[in-house]
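Just so you know, all these numbers are worked out from the coordinates, no wet-lab data involved. Since the model is a prediction, treat every value here as computed from it, not as a measurement.
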Amino acid sequence: MSINPGAASINPGAAEFPHRQISAHLRAQIRRGDWAPGERLPSIPAIAETFGVAKQTVQRAIDQLRVEGILITKPGSGTYVRGTRRRLNRLSRGRYGGHRGYHADLAARYRQQLTEVGRAPAPPEVGAA
């Protein structure tokens, strides 16, 4: 699927940076379903030509969407819409015994308990920074 050419325009006089305008446009197309999870986006030079901007501007927009978790980049292959399913790595119960595994072992190791809620002054090393 390609970028909608009618809506692919950058307003250089806007207060918002061009890369943010591009990322907002791409985000809207993904949410509309123009690109399905796992589908490959057009190349960065193709997107740059469509919007009439430099490739570095498009790269910043892609990077922003990667940080948000919307896109993934596979080196040498391209940029893809990230799927909604996330993989959960678990320890094998057969290998570590019936009473071990993800929930019994790792969850117990990383359990946290909230002891206090409220405002407090920053420690000196944080305040100095």
### Stretchable slack from T115 to E49, in nm (0.36 nm times residue separation minus alpha-carbon distance)
18.3 nm
### Gain in span if fully extended, R32 to E16, counting 0.36 nm per residue against the direct Cα distance
3.5 nm
### Message
How many angstrom lie between the Cα centre of segment 20-79 and the Cα centre of segment 113-129?
### Response
39
### Message
Output wanted: per-residue J couplings in Hz (rounded whole) for segment 113-119, from phi through Karplus 6.51 cos²θ - 1.76 cosθ + 1.60, θ = phi - 60°, x for Gly and Pro.
### Response
10, 6, 10, 7, 10, x, 7
